[in-house]
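Visitor: Take this structure first; my questions come after.
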Amino acid sequence: MKIVFFSAKPYDKQFFSKHNSSFHFELVFLETHLGPHIVHAVEPGTTAICVFVNDRLTKEVIDVLAQKGVRIIALRCAGFNNVDIEAAKQAGIQVCRVPAYSPEAVAEHAVAMLLTLNRKTHKAYNRVREQNFSLNGLLGFNLYGKTVGIIGLGKIGLAFARIMKGFGCQVIAHDPFADQPKMEDVRLVPLDQLLGESDIISLHCPLTPENHHFIDARTIGKMKKGITLINTSRGGLINTLDAIEALKSGHIGNLAIDVYEQEEKLFFKDLSAEIIPDDMIQRLMSFPNVLVTGHQAFFTAEALDQIASTTLHSVFELANGRIPGTVMVG
Ligand code: NAI
């Protein structure tokens, strides 16, 4: 059975080929991302496709895939905001994802971004290489004793909470779907209380149509002045233009983003020799107190092993008429 991979990178080939020794699928790796521009090129007879965060599986794309005979869409990621699930159901295509792969990988990256922005190690690294040992401009703050607000207390949110407790932080969380604190010492609070009490806010909830741009001028206005905001979840959670205004006014003191609402055209590509027409990301990157990484929070060897083995196992089960726990549309 053939699985066609979209948005495939060398590391995808490496980890999927390694784990395929137990499954013996025919793996076809395409660099292009999937969208309306390319879906017609999918060869009839392709049973399964494997996609990543920036492949766009709209109803139009899914209907063409169904006509081509595709029966399985395997997402090699946790988030699924880029797939029209209802359209897949209607088209009779099964959809699976990797609901959990090393939540610690993402949580640890969020902490890495927080520490970098706060203690300015990225600036110090460059400075001392130029024999500049001045400390001016490198002032940070203690994490110990600060209040950290986590929005979305799922697997990654909990992993982040555990680390921040280790730093001696007070951890509060907002999660409308959690009815009791999942971890001792983490208080579940209403959103407004979290926004008002936190020194650091980290987003760990999925992007849904309901919470698109929920971090905007209104919610930022409820945060403490000088707030440190971290987003390793999905770019669409933040209204970037409002965040830029808040950076200009100083209301946001530090912003760390591993995801960006228009990342589809940028991330996972080497654009170092290109002119980037997106003024919003260019403005963001011009702030000294903004740290952008290109959707790399998941990127550890442990996570890639888990992603490859879970994805191939799910496709194997579906191909053999069984419904694994990773299925979203069975
Ligand atoms: P999860 O499903 O374990 O946890 C998500 C939590 O968010 C749940 O407890 C849910 O009740 C809560 N939630 C849902 N809507 C909410 C809302 N409006 N406000 C507050 N909480 C809400 O998911 P997990 O594994 O912790 O992943 C979280 C997100 O992280 C994913 O949806 C994905 O977007 C992102 N992610 C980013 C990666 C990266 O490399 N940057 C890698 C993996 C995931």
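Visitor: Keeping to segment 177-206, report how many residues are among the aliphatic types (A, V, I, L, M) and in contact with a Ser or Thr (Cβ under 7 Å, 6 or more places away or on another chain).
Guide: Residues that pass the stated criteria total 3.
Visitor: Which members of segment 189-204 meet the condition of being open to solvent by 10 Å² or more (accessible area, probe 1.4 Å) and near the ligand (Cβ under 10 Å from one of its atoms)?
Guide: 191, 204, listed by residue number.
Visitor: Tally the residues that are farther than 15 Å from residue 14 by Cα and more than 9 Å from the ligand (Cβ to nearest atom), restricting the search to segment 293-309.
Guide: 1
Visitor: Could you figure out which of (1) closer than 30 Å to residue 197 by Cα; (2) open to solvent by less than 40 Å² (accessible area, probe 1.4 Å) isn't true of residue 296?
Guide: Only one criterion in (1) closer than 30 Å to residue 197 by Cα; (2) open to solvent by less than 40 Å² (accessible area, probe 1.4 Å) is unmet by residue 296, namely (2).
Visitor: Does residue 96 satisfy the criteria of being in contact with a Lys or Arg (Cβ under 9 Å, 6 or more places away or on another chain), within 16 Å of the ligand (Cβ to nearest atom) and touching a residue at least 60 places away in the same chain (Cβ under 8 Å)?
Guide: Spelling it out, it is not the case that residue 96 is in contact with a Lys or Arg (Cβ under 9 Å, 6 or more places away or on another chain), within 16 Å of the ligand (Cβ to nearest atom) and touching a residue at least 60 places away in the same chain (Cβ under 8 Å).
Visitor: Then there's this: For segment 266-278, state whether one or more residues are under 22 Å from the mean Cα position of the chain (by Cα) and open to solvent by less than 10 Å² (accessible area, probe 1.4 Å).
Guide: So far as segment 266-278 goes, no, none of its residues is under 22 Å from the mean Cα position of the chain (by Cα) and open to solvent by less than 10 Å² (accessible area, probe 1.4 Å).
Visitor: Pick from segment 173-185 the residues that are farther than 18 Å from residue 232 by Cβ and touching a strand residue (DSSP E or B) at 6+ places or on another chain (Cβ under 9 Å): which of them is farthest from the ligand (Cβ to nearest atom)?
Guide: Of everything passing the filter in segment 173-185, 185 is farthest from the ligand (Cβ to nearest atom).
Visitor: Going by what's in this entry, would residue 115 be described as more than 26 Å from residue 305 (Cα to Cα) and surrounded by fewer than 20 Cβ atoms within 10 Å (Cβ to Cβ)?
Guide: yes
Visitor: Can I ask one more? I'd like to verify a number: residues in segment 65-85 that are more than 16 Å from the ligand (Cβ to nearest atom) and surrounded by 15 or more Cβ atoms within 10 Å (Cβ to Cβ), how many?
Guide: Residues of segment 65-85 more than 16 Å from the ligand (Cβ to nearest atom): 65-73, 84.
So of that shortlist, the ones also surrounded by 15 or more Cβ atoms within 10 Å (Cβ to Cβ) come out as 65-66, 68, 70-73, 84.
Number of matching residues: 8.
Visitor: Scanning for something within 16 Å of the ligand (Cβ to nearest atom) and surrounded by 18 or more Cβ atoms within 10 Å (Cβ to Cβ), does segment 127-149 turn up at least one residue?
Guide: So the first thing to find is which residues in segment 127-149 are within 16 Å of the ligand (Cβ to nearest atom), and the list is 148-149.
Now narrow it down to the ones that are surrounded by 18 or more Cβ atoms within 10 Å (Cβ to Cβ): 148-149.
Yes, segment 127-149 contains a residue that is within 16 Å of the ligand (Cβ to nearest atom) and surrounded by 18 or more Cβ atoms within 10 Å (Cβ to Cβ).
Quick grid of which residues meet (1) touching a helix residue (DSSP H, G or I) at 6+ places or on another chain (Cβ under 9 Å); (2) in the same structural domain as residue 16 (by TED's automatic domain parsing); (3) modelled with pLDDT of 95 or more:
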site: 41; (1), (2), (3): no, yes, no
site: 44; (1), (2), (3): yes, yes, no
site: 65; (1), (2), (3): yes, yes, yes
site: 71; (1), (2), (3): yes, yes, yes
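The values are calculated or read from the model by the stated rules, or taken from the named source; none is laboratory data. Keep in mind it's a predicted model, so treat the numbers as computed, not measured. When we count neighbours, we look across all protein chains shown, and the Cβ atoms used for this are built from the backbone with ideal geometry, even at glycine. Each accessible area value is taken on the protein alone, full model and side chains, heavy atoms only, with ligands, DNA and RNA left out. Shrake-Rupley method; radii C 1.70, N 1.55, O 1.52, S 1.80 Å.
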